[in-house]
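Down below is the structure, laid out as structure tokens.
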Amino acid sequence: MTLRLLDSISGPADLRCLNRDQLSSIVEELRNFLVDSVSRTGGHLSSNLGTVELTVALHYVFNTPDDRLVWDVGHQTYAHKILTGRKEGMARLRMKDGVSGFPRRVESPYDTFGVGHSSTSISAALGMAVAAKAKADDRRVVAIIGDGAMSAGQAFEALNNAGDMDANLLVILNDNDMSISPPVGALNKHLARLLSGRTFNAARRAGEKVLASMPSMLEFANRVEEHVKGFISPGTLFEELGFNYIGPIDGHDLDALLPTLQNLRKLDGPQFLHVITRKGQGYKLAEADPILYHGVARFDASNGIQQGKGASKLTYTQVFGDWLCDMAATDSRLMGITPAMREGSGLVRFAEAYPARYFDVGIAEQHALTFAAGLACEGLKPVVAIYSTFLQRAYDQLIHDIALQNLDVTLAIDRGGLVGADGATHNGAFDLSYLTCIPNMVVMTPSDESECRRMLTTAYQFAGPAAVRYPRGSGTGIVPEAVLNAIEIGKAEIRREGKHVAILAFGSMLTTCLVAGERLDATVVNMRFVKPLDRGLLANLAARHDLLVTVEENTVIGGAGSEVARALDEAGLFVRVLRLGLPDSFVDHGDSVALLQELGLDAEGIASSIRAARAGNNQVLSSGML
């Protein structure tokens, strides 16, 4: 691959030294490098291919890093990373000690705000713009947000606040869906240049000053301007929020992007630029199926992703999707809800089979839960499919709107525990801690695919809020039974009888704990429930063993192990407890198996911790505290 110009770029300052005619070559080289690089490492592809021209134009026009670029989510920042000195690091993208798949402040001064979740960019950028004004710094701040992220309430909260302030903030809406946009052509390009130019804005301000003494005429003039702009652009909403709306323009046309951004950089106050891009731009396979090429594993760039090759184990997500369809066939009250994660959460087949009972509410986790609560109030049976890391965003709604009213809502929580390459922003490290402390909740952790299906049935049949928390990817390879059988709530099971030590495994850790149990001749228990715990079995185990060991893929602070220790204390059972789980720190990206080994949560690590605890003194122990 020839990268003559790209290889000469060590930072945006080098980019700004190029002449305008060379930028098209940079764009082509960047796009080719992205396809080749991501095909070797895996990562997000479609979204990054769609923002190459925009990224080049932003770094060419703005004086980064002094001018701040704040990206939303971060799926689209690979070109940004390449242009800011991390091209060589892309070979270890999303690998341990390698470049993160998302912007991180500790990784580069060009990553002005750490992201991973959506719809935070405008809030953060507004804070930076207000700080620049307070410190009298002459810098510009730009928030780049996608049309999907604009469906979240926080984005509109930020827009509403920003439009009422005079901070120098530019919001760029990267619209790659075309759903709210009219055709883009020469007229829109011309109007964008005109409306973003100083002449138009100076004339508008002069007219407002003259008409200020004649309120009725000023109101009439404003109405005329709004109607004229309404004929040629869809920006009425953003104008009403206090922004000067520009666009839409073609986000792949540097002749449109560069002069418009140059004009906007000179304007004060809140500005809004609407650009139209295409996911997968420049790579025909990704253009044809941008969803398939959104998040990819390694693949052959020449032949593309080959689907359906080689048999593989069922993933927990597929187990959930199959269960949802099967349960829906037996109960017309079932309603499936997802906050913009149909594919990721396994709802594609359900959406096709039951379109009237399927609800994608957009990137709006708070709304998803309260919407589910409203359905439950009317006797329906909502099932909310949501990632652990995204459920964090709706914690108040879970407590206040669902649990407090003891409503019948089932939570199918995907990506519990470590998620590997996506790293700290997406790890499901806290859900057992933040769920268990909520009154009325039932919290379950399946140890295999069959148990996951049974627990989903148990949660659905329970007349109250219940959560089933399962990991990313495949499990043991056990094929779930077709019937919809439930499990007795709060009932654990002994999977191996041993001596002296009892290992209490929660969810995904059972298989590993069974291996450790064999090495130590320890009792191994599949706890199944974090709430309610099987207190009768706990008392039995405490009477027969010198040491109880809890193992969970959740932060050890406040997690399942803490609940076990609390239950023993309340029962007046004094037995040594060793709590093993995720540490009191954020776990970075990398291979999940290797990360668990490093954290001492593989079979040998667990066995070693138990040996050390038995040789130590008599106290409650925790891996997060040692």
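The values are calculated or read from the model by the stated rules, or taken from the named source; none is laboratory data. If you're wondering where the values come from, they're calculated on a predicted model, not measured in any experiment. FYI the Cβ positions are ideal-geometry reconstructions off the backbone, even for glycines, and counts take in every protein chain you see. Quick note on the areas: whole protein, heavy atoms, side chains included, nothing else; ligands and nucleic acids left out. Shrake-Rupley method; radii C 1.70, N 1.55, O 1.52, S 1.80 Å.
Could you tell me the extents of the chain's C-alpha atoms along the three principal axes, largest first, rounded to whole Å?
On the principal axes, the chain reaches 87, 57, 50 Å in Cα extent.
Considering Cα pairs under 8 angstrom that are at least six residues apart, work out the relative contact order of segment 543-589 and quote it in whole percent.
50 percent
Sorted by accessible area with a 1.4 angstrom probe, largest first, how do LYS531, LYS135, LYS381 fall?
LYS135, LYS531, LYS381
Put THR2, THR511 in order of accessible area, largest first, 1.4 Å probe: what do you get?
THR2, THR511
Give the calculated FRET efficiency between ALA594 and ARG105 to the nearest 0.05, with a Förster radius of 25 Å applied to their Cβ-Cβ distance.
Result of the calculation: an efficiency of 0.50.
Probe radius 1.4 Å, ligands and nucleic acids left out: which of CYS377, CYS325 has the largest accessible area, and how do the rest follow?
Ranked list, largest accessible area first: CYS377, CYS325.
Using a probe radius of 1.4 Å on heavy atoms only, what accessible surface per residue do you get for the chain? Whole Å² is fine.
That works out to 41 Å² for each residue.
Please return the longest range in the chain lying between exposed loop sites, taking GluC sites (Glu not before Pro), DSSP loop only, at most 14 other beta-carbon atoms within 10 Å, and leaving the sites out.
Between the exposed loop sites, the longest stretch runs 1-377.
Please give the calculated 222 nm ellipticity per residue for the chain, where each DSSP H segment of at least 4 residues contributes -39500 (n - 2.57) and the sum is spread over every residue; nearest 500 deg cm²/dmol?
That comes out to -11500 deg cm²/dmol.
About its Cα centre, how strong a charge dipole does the chain have in debye, to the nearest 20, once Lys and Arg get +1 and Asp and Glu get -1 at the Cβ?
The dipole magnitude comes to about 640 debye.
How big is the accessible area of ARG40 in square angstrom, nearest 10, if you roll a 1.4 angstrom probe over the protein chains?
My reading of the accessible area for ARG40 is about 150 Å².
What shape does segment 339-398 have by the C-alpha gyration tensor, where a ≥ b ≥ c are the square roots of the eigenvalues, rounded means a/c under 1.5, and otherwise prolate means a/b greater than b/c and oblate the rest?
Taking the square roots of the gyration eigenvalues as a ≥ b ≥ c, segment 339-398 is oblate.
Give the Debye-formula value of log10 I(q)/I(0) at each listed q (0.13 Å⁻¹), with one equal scatterer per alpha carbon of segment 1-111, two decimals each.
After summing over all Cα pairs, the log10 values are -0.42.
Strictly over 25 Å apart at the Cα level, which of LYS96/LYS279; LYS87/LYS266; LYS279/LYS381; LYS133/LYS266; LYS81/LYS133; LYS81/LYS284 would you flag in this model?
From LYS96/LYS279; LYS87/LYS266; LYS279/LYS381; LYS133/LYS266; LYS81/LYS133; LYS81/LYS284, over 25 Å: LYS96/LYS279; LYS87/LYS266; LYS279/LYS381; LYS81/LYS133.
According to a simple spin-label model (label point 7 Å from Cα along Cα-to-Cβ), what is the distance in nm between HIS400 and SER474?
The two pseudo-label positions are separated by 4.4 nm.
Would you be so kind as to identify which of ASN48, MET90, LEU285 lies farthest towards the positive end of the dipole of the chain, taking Lys and Arg as +1 and Asp and Glu as -1 on Cβ and the Cα centre as origin?
Going by the Cα projections, it comes out as MET90.
Which of the three applies to segment 233-338, rounded, prolate or oblate, going by the alpha-carbon gyration tensor with a ≥ b ≥ c and a/c under 1.5 meaning rounded?
Oblate, because a/c is 1.5 or more while a/b does not exceed b/c.
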